[in-house]
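**Student:** One structure, pasted below without further comment.
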Amino acid sequence: MAGKTSKTAATVGQKIAAEPTAAEPKLLSGGNPQIAKGYGEAPVQAYIAAMPGWKSDVGRRLDALITRTVPHVYKAVKWNSPFYGIEGQGWFLGIHCFTKYVKVAFFRGASLQPLPPGHSKQKDVRYLDIREADKIDEAQLAAWVEQASQLPGERM
């Protein structure tokens, strides 16, 4: 029997190898990282680092733009998505990974000028979908972020 592995031991070894490590979060439907709920910079950065492929660069750019535009922005990960808000006033923006794009949700987007292009079933919400080949209009995005940060936030 020396040098042989039982079927049970081989199966257990395969299952362990297939499990993501603590440094490698599980990707949910559409490649959205599964990150534990948490408040502050660390969970948001963990989410961004776990975004697959080109989406991680988009996440870093979005986070940097939001932080530059709203220097005292409050951050959290809830429902496997980063949220940005003003502490004590609620959330104004969220990000979510889908298979072919990163969705930026403006929770009071119907009040922004000009309106972000994506419609929602919720009357106040507007979206911006960013695909791999898209050029991000950072000036427009910063204007929306600034406007959104000054509106009443969503309590979630």
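**Student:** Rounded to the nearest 20 Debye, what is the dipole magnitude of the chain about its Cα centre when Lys and Arg each give +1 and Asp and Glu each give -1 at the C-beta?
**Tutor:** Dipole size: approximately 580 debye.
**Student:** Could you compute how fast the chain diffuses translationally, taking Rh as the Kirkwood radius over C-alpha pairs and applying Stokes-Einstein at 20 °C with viscosity 1.002 mPa s? Give it in µm² per second.
**Tutor:** 127
**Student:** How big is the range 38-109 along each principal axis, measuring the range of its Cα positions in Å and listing the largest first?
**Tutor:** The principal-axis extents, from largest down, are 33, 26, 23 Å.
**Student:** Please give the calculated 222 nm ellipticity per residue for the chain, where each DSSP H segment of at least 4 residues contributes -39500 (n - 2.57) and the sum is spread over every residue; nearest 500 deg cm²/dmol?
**Tutor:** When only DSSP H runs of four or more count, the value is -10000 deg cm²/dmol.
**Student:** Provide the per-residue ³J(HN,Hα) series for the range 51-63, in order, calculated from phi with Karplus coefficients 6.51, -1.76, 1.60 and θ = phi - 60°, each as a whole number of Hz, with x at glycine and proline positions.
**Tutor:** 4, x, x, 4, 5, 5, 5, 4, x, 4, 5, 4, 4
**Student:** Tilt of helix 41-50 relative to the longest C-alpha principal axis of the chain, in degrees (0 to 90, nearest 10)?
**Tutor:** With both axes taken from Cα atoms, the answer is about 60 degrees.
**Student:** Okay, moving on. Which peptide among 131-137, 28-34, 115-121 comes first, and what is the full order, when sorted by highest mean count of other Cβ atoms within 10 Å?
**Tutor:** The most tightly packed comes first, giving 28-34, 115-121, 131-137.
**Student:** Continuing with this model, one more query. So, in Å, what gap is there between the alpha-carbon centers of the range 45-61 and the range 71-144?
**Tutor:** Taking the Cα centre of the range 71-144 as reference, the centre of the range 45-61 is 15 Å away.
**Student:** Can you tell me which of 101-108, 149-156 comes out highest on packing, and rank the rest after it, using the mean Cβ neighbours within 10 Å?
**Tutor:** Going by the mean number of other Cβ atoms within 10 Å, highest first, we get 101-108, 149-156.
A short reminder: the numbers here are calculations on the coordinates, not readings from a lab. What you are looking at is a predicted structure, and each value in this text was computed from that prediction instead of being measured. With ideal geometry, Cβ positions are generated from the backbone for all residues, glycine too; neighbour counts draw on all protein chains shown.
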